[in-house]
Amino acid sequence: MRKLVLSLAATPLILGSMAVSAQAADDVATGAAADSGFNIFSDVKFKAELRPRYEFTDHKAISGASSTAVDLNGNLIQRDAGSSFTNRTNLNLTGTLFEVDGLVGTVEVNSVNDFNTLDQQNHQTAAEADVAKMTQANISYTAAGVTGIVGRKTLNLDNQRFIGSVGWKQNFQTLDLAAVAYGIGDFNIIGAYVYGVNAIGDDGYGTRGLVYNGKTASGSTTSAAINASYKIMDPIKLTGYAYLLGSVSDTYGLAATGKVKMGDSAKLNYRAEFAMQTKASLEHTQLGPKSGSDNVNSAYVNLDVGANISGFLVGLNYEVLGANADLDKTSGKSKATGYGSFQTPLATKHKFNGWADQFLATPETGLVDMNIRGGYQFETAGKIIGIYHLFGAAADNKALVAANDIKAGDAYGSEFDIAYSVKLPNVNNVGLLVKGAMYMDDSSNAVTPDDTTLAWVQLDYKFSSK
């Protein structure tokens, strides 16, 4: 019902705003503008997107003969590999408010439709929420290089490792915030107070919000973010940040990035980053006291180098999400604390640690991801890229049963990802994506996920007013 009401409400809002703009234009043409007062919305720009997607899903934990997956009641879940067909319809309207220079309003609605039929009830389907909701509704004002914004908005900071919109999901993530941004020359800074999260996995009407173990649901929060960057020269850009998530964690970090041209046909890019995560300094009353995050004390490292050599793409990456090991009072052994691993609940996690999404929440023993990538950028025929990951533990975990002990460096499995993207020839604004992810559980411990295979075929059509 909410989906239907929101869809019906959004349609006249957007069409009505377009009508206001059109009427204003007609008034100007007929000379009637002087008698018709000011416009609430003017200089209106309309954008829309249709993104149908087919997804194949096969999680061994659910489809295998030795399935161990259970529902909330403890009943065994066993479904065959399945297929899903979903579509994103996105409508975005931006315009000047009250004819005031620099004052801009944005309204956006996003509808995700799941076209799975009843014969799929015993098959696995895509993890997409079948919802319609207001994804953006904000007002911004810009003057003298300073922009202030209040409302609901997509927010992508830096490489989206800590705060991102998860644009890959049909039902993407937005934040309710009040923010100020400033830029001059090669220096940029943004500060934001975040009071709400509209997550990817639900309809946006939840109340839980962020939780300690890195998972995210829609709800309120008491969080703050600061991100500042300065480009010293072409090869060196420094970015510092502080992300304070209420009753969850504080994260402070520094990244150095850059691009270096090597001759006429080669370009090198790099990233070197370090961050620390500690217990929360802000408290969100809905989650309880800050002491719930007392165990958080871990480090993050990301080292990346890539190159484009006459269209050939190569790269190496080493990423560590650490864990806080402490003395287990029961066993007297060093044991990783359950919420002590480095978590990034507001990140665009699909970009990192494999497209099979097996490590959206960092294991309690942390995660090491060593990966290599290679591909080719065609002049007119798109791009193909392949990535091979090796996953492992970042910290020891001495279990009560010695056979279940985990040591730093123990294998967590491997994954191969591949994607091909291209803009369709002779069809304006339509892109094609074919993508696959194959995670393989190479370990013998109980921490790692089971084998998973995912595949997608997607069309993306975007259009806008002139």
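Here is how the numbers come out for the structure above:
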quantity: Pairs from Lys259/Lys383; Lys231/Lys279; Lys45/Lys261; Lys383/Lys462; Lys45/Lys231 whose Cα-Cα separation, in the structure shown, is over 29 Å; calculated: Lys231/Lys279; Lys45/Lys261; Lys45/Lys231
quantity: Point-to-point label distance, Ser310-Ile139, nm (Cα→Cβ direction, 7 Å offset); calculated: 5.8
quantity: Translational D in µm²/s for region 210-285 (Stokes-Einstein at 10 °C, 1.306 mPa s, Kirkwood Rh from C-alpha pairs); calculated: 109
quantity: Full-extension gain in nm, Phe98 to Thr285, via 0.36 nm per residue minus C-alpha separation; calculated: 63.5 nm
quantity: Residue order, fewest to most surrounding Cβ atoms within 10 angstrom, among Val100, Val107, Val434; calculated: Val100, Val434, Val107
quantity: Karplus (6.51, -1.76, 1.60) ³J(HN,Hα), θ = phi - 60°, over region 185-200, in Hz, Gly and Pro reported as x; calculated: x, 9, 10, 9, 8, 9, x, 9, 9, 9, 10, x, 10, 10, 7, 7
quantity: Which listed pairs, of Lys169/Lys466; Lys153/Lys349; Lys351/Lys423; Lys60/Lys423, have C-alpha distances above 24 Å, in listed order; calculated: Lys169/Lys466; Lys60/Lys423
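Every read-out reported here was derived from the displayed coordinates using simple, explicitly stated rules and does not represent laboratory data. Quick caveat, the model's predicted, so the values are computed rather than measured. Note that we place each Cβ from the backbone using ideal geometry, even for glycine, and neighbour counts take in every protein chain shown.
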